Every structure is written in C-alpha cells, then in structure tokens.
C-alpha cells in the first residue's frame, strides 16, 4: 500500500512538472524579463527627451525671428513620424525582405495590429517598437538644421514624411533587420552611425546645396539668439544619449554597462578635444565649441558603443572633434550654407565612428578579418551616403515643384515664426536680430 501511494505521488509530480514545462514553453512563448523591460522603457523615454533637447539646441542657434519655427521642426517630426511608424514604418524596417530586400514587410506589424501579446528578447514587442520609433523620429529632425531659417513648414512636413518612408526605413532594414544585406555581411552599427547620422548628414548636405543659402549669407551676421538654451539642449542630448546607446543593447546586462561607459568617455573626450583646439587656435574656448565637441564625440561612439573598449572610445572622441572642426572650416571656405553644421558634425563624426571602430574592436566582436571588416564598414558608409543623397535630391525636387519648399524672400526676411506660424518666440520688437 505504501509503495502504491509513493508511486501515485511520483506520477502526480511528473504530470505537474510536464504541465509546467509545457506552460513555460507554450508554443515558443517567452516570459518577460522585468529588469530588461524596465531599462528599455527608461531608454525609450530618454531618447524621446532628446528630441525636445534637439529643438532647444537648434532653436538657440538661429536668429530671434526663427526660434519657434526651428523648434517646431523637431516637434513636428515627433507627430508625423510617430504616426507613420505605427502605420508602416516598423513593418518596413523589421519585416521580412520584399522587393529584393529594398525594405521589409510583415502584415502583423501593419498598424502594430499583430503584436498585442508578443514578447521578444524578454520584453513586450510594443516596447521594442516604441524604442525604435524614437530613432525614426529624431533622424529627419536632425536634417532640419541644414536648411534652418528658410523653408516652408508645409514643405518640410511633406519632405520628412517621404524621407522617412523612402530613405530611413530601407536603410534601417538593411543594417538592423536579420535579413538586411548589410546585417548579413556583418556591418557593425550598434546604435545608428550609418542608419541615423550618416544618412541625415548626407541628406543635410544635399538639401543645403539644393535649396541655397539664407538671404544675406555669409555677408550678413547671423548670430545665435540664445546660447544658454543651446547649452541646455546639449545637456539634454548628452543625458538622453545614454538611452540612445546603452538602450540599443536591448538588454540589461554587461553589454549595457559597456555601452553606457564608452558613451560617457567619448562625449567627454570630444568636448575636451574641441576646447583644446579652440584654446590653441583662438586663445579662447567658446560654449558653442564645447557643445559641438560633445556632439562630435557622441556621434562617433554611436556605431561603436557595443564594439569598443574605453581606450577606443577615448581615441574616437578625441579625433572626432578634430575632423568635425576641419569639416566646418572647409564648409566656410566653400561657402555653402549648412546652417547648423549637420553634415560637419553628424555626417563627419558618423563616418569616422563607423570606420574608426574597426581599429579598436573588442576581441571576438566579429568573425571577419580586420581588412574584411574595414571594407564592410566602408561599404556601409558609402551605401548610406549615396542612397540617402540621391533619394533626398529626388524628394527635394518633388516637394519643391509640387508643394513649395524654399520660402519667398519677403517671408524669409520677416522670419518663419511670423510667416509660417503667426507667432513670436519672444516678446521683443527687433525681430531681425
């Protein structure tokens, strides 16, 4: 009798264990990692904060009569791209290859209708989708700095909507989707060197050249209206960048801490390098130079944050400021009007970070040889530069011809705050300053 009871108990325990195992495995379903989910929610919010930070950064650098309109470029991107991402952006970026791999598509991702109970990598797929949405929103907002103070708001809105669909989404798919062709080749872009900064930099350069310079540039002085606001904006960007880079680990583990640390190191190195440059060349250190160095370091480490150690981050940051400084000096000599130096900082530092990381890779990061990985990185940069540049040029022509993009001379002189929004950023009478 005793043996019978023990046998029954063992059988019951076995059934319970099997049932529990099936429940845990249930059709491949994952369980939620609460720590990772909490960090990814935080990272998503941090990256979202970068967009108002960018608005303040850009808004402080333009003239008084254009401050609101310039800031609206960043905020409008949050609305326009936020909706596009939900409708089709996420599907185009992370769905399976269609049209020969030009972009992706997954019916479950359309309108985010099929991921209501989906868990991926230990987090709700909604969280991953919204984290990636922040990247999609800030990228076209970066471009706006190149043609600040001289474009129609309607034209801008149409342009960034088209640019997001035809430039950002395909590039994102190529680099970050599992079946993207650059991903398959082993391209390293941890948080957006090619996808975000190089593509935005190329688009900015093309837009600045196509639309032409601001009225009076470069003879008329166009001083920043509020460098205090620019400094605050830079601080918010630095703060948010920890979510930008460390959040791209899509985990809460060793790789997250590594990305967090090198982000701080590169930013500090970029700022220090720019201060030293100005101190040597001009005998004075400027606030604008300081924040330019911070951004240069942050952009350079973005593609490399998961691949290099602290020494690599230090060198990437130090050199990035030198290269960006030279790029801005070259712009001034050539005379084209990239108003807020989008290509000079984002484009140049993005290229340097994407290629320079090869020389500082953490052991075991890639199976490619050094030369092999170097070519893959160069290929990724060229693809981003050429594709973004060509498609941007086509989109600019379409928007300009069909809807109008460049402002009329009299409207530009009045300022975009008044001409485009019927508002003023400050209660001041002298709107030409």
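Structure notes:
- From the coordinates shown, Cα Rg over 2.2 N^0.38 Å corresponds to which of (i) 0.98; (ii) 1.13; (iii) 1.08: (iii)
- Tilt relative to the chain, helix 67-84 - C-alpha long axis, 0 to 90 degrees, to 10: 30
- Nearest-0.05 FRET efficiency for residue 261 and residue 220, computed from C-beta distance (R0 56 Å): 0.80
- Note on residue 393 and residue 102: the extension gain reaches 102.9 nm, defined as 0.36 nm multiplied by sequence separation minus the Cα-Cα distance.
- The stretch between residue 386 and residue 283 holds 33.2 nm of extra length on full extension. This uses 0.36 nm per residue minus the Cα-Cα distance.
- Between 0 and 90°, nearest 10: helix 370-402 axis offset from the chain longest Cα axis: 60
FYI, it's all coordinate maths here, none of it is from the lab. Quantities reported herein were computed from a predicted structural model and do not represent experimental measurements. Cβ atoms come from the backbone with ideal geometry, glycine included; neighbour counts cover every protein chain shown.
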